[in-house]
Amino acid sequence: MKGVLGIVGGLSPESTILYYRYVIEEFMRRFGGSRYPEVMIFSVDYARFSSAVRSGNKREALNILVRAVDALVKGGADLVIISANTPHMLFDDVVAATGARMIHIADSLAKALKRDGVRRVGLLGTRVTLTKDFYVKRLARHGIEAVVPPPEGVEVVDRVIREELTKGIIREESRAAVEAVARDLVEAGAEAVALACTELPLLIKGEVAGVRAYDTAREHVRDAVEHTLGRIK
């Protein structure tokens, strides 16, 4: 292996578990055998970070991420990824403050979309991810147009994420509600749907509303394995 992968976790614990599983699965898919990658995880206080984001306390939210990234780099991580979409609103600030080698999750998504010829994608995620412009602008850099739900759709998806998925709760009625929001995105011209929240793969897998559902966590991990762990000869 070429290096150690650092993961900022806890945002939420459910997505952190998913990321670790994906790293192992991706490594096994590429290399087989029983050798595993070197991975470090710094799990932050989800409640503290979420409170800072909801209250608009950017400094507090940034400090939490910077502390985690610094600890991972000092511990030997060669590349650090954040296991959630919403914190990427602070990605550039974190990189500037730490100097760490990192991969933006929207860049990983865009790479997969361009590979498959998708130019217009519907977004499902938290209220912050869907209503702030950081995600849409990041995709636009790659020539990808993002379609977001109307306010009522945003609230549906955000509630399911916050009140259920971050706690590991899976409800069929919630799956149906999120799928309805996805159908609206497809009707608005989305060629595919991005699960721009790393808890959403707990609810939706593979396809939604008749189109491919891109798992941003999976694409992020694939990029990390490609860039950090390299290939075993």
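The values are calculated or read from the model by the stated rules, or taken from the named source; none is laboratory data. Keep in mind that what you see is a predicted model, and the values were worked out from it rather than measured. For neighbour counting, all protein chains shown are included, and Cβ atoms are generated from backbone atoms with ideal geometry for every residue, glycine included.
Considering only the stretch 25-42, I want to know if a residue exists there that is surrounded by 19 or more Cβ atoms within 10 Å (Cβ to Cβ) and over 14 Å from ALA224 (Cβ atoms).
yes
Would you please name the residue that is farthest from GLU191 (Cα to Cα), looking only at residues in the stretch 147-168 that are assigned to a helix (DSSP H, G or I) and without any contact (Cβ under 8 Å) to a residue 24 or more places away in the chain?
Filtering the stretch 147-168 for residues that are assigned to a helix (DSSP H, G or I) and without any contact (Cβ under 8 Å) to a residue 24 or more places away in the chain, the one farthest from GLU191 (Cα to Cα) comes out as GLU163.
Residue check, ALA112 against (1) in the same structural domain as ARG141 (by TED's automatic domain parsing); (2) part of a helix (DSSP H, G or I); (3) surrounded by fewer than 14 Cβ atoms within 10 Å (Cβ to Cβ), all met but one. Which one?
The failed condition is (3).
What is the residue count in the stretch 214-233 for residues that are small (Gly, Ala, Ser) and crowded, with 22+ Cβ neighbours inside 10 Å?
Going through the stretch 214-233 one residue at a time, the tally reaches 2.
Among the candidates VAL148, VAL181, VAL160, single out the residue that is closer than 24 Å to ARG115 by Cβ, in contact with a Leu (Cβ under 9 Å, 6 or more places away or on another chain) and modelled with pLDDT of 95 or more.
VAL148
If a residue counts only when it is farther than 23 Å from THR131 by Cβ, which helices (runs of 4 or more DSSP H) contained entirely in the stretch 1-85 have at least 2 such residues?
Once the helices (runs of 4 or more DSSP H) in the stretch 1-85 are filtered for at least 2 residues that are farther than 23 Å from THR131 by Cβ, what remains is 13-31, 58-74.
Please state which of the following conditions ARG120 fails to meet, knowing it meets all the rest: (1) more than 15 Å from the chain's Cα centre (by Cα); (2) more than 26 Å from GLU207 (Cα to Cα).
(2)
Please state which of the following conditions VAL193 fails to meet, knowing it meets all the rest: (1) closer than 20 Å to ILE17 by Cα; (2) buried (at least 23 other Cβ atoms within 10 Å of the Cβ); (3) of a type outside the set (Ser, Thr, Tyr).
(1)
Got a number for residues in the stretch 1-56 being of a type in the set (Ser, Thr, Tyr), in contact with a helix residue (DSSP H, G or I) (Cβ under 8 Å, 6 or more places away or on another chain) and more than 21 Å from ASN85 (Cβ to Cβ)?
Residues in the stretch 1-56 being of a type in the set (Ser, Thr, Tyr), in contact with a helix residue (DSSP H, G or I) (Cβ under 8 Å, 6 or more places away or on another chain) and more than 21 Å from ASN85 (Cβ to Cβ): 1 in total.
Any residue in the stretch 123-141 that is assigned by TED's automatic domain parsing to the domain that holds VAL157 and over 10 Å from VAL157 (Cβ atoms) sitting within a Cβ distance under 8 Å of a residue that is part of a helix (DSSP H, G or I) and of a type in the set (Asp, Glu)? List the pairs, counting only those 6 or more apart or interchain.
What qualifies is ARG138/ASP107.
For the stretch 120-146, give me each residue that is within 17 Å of GLU187 (Cβ to Cβ) and surrounded by fewer than 19 Cβ atoms within 10 Å (Cβ to Cβ).
ARG120, GLU145
Tell me, which residue of the stretch 147-169 that is β-branched (Val, Ile, Thr) and over 18 Å from the mean Cα position of the chain (by Cα) is surrounded by the most Cβ atoms within 10 Å (Cβ to Cβ)?
VAL156
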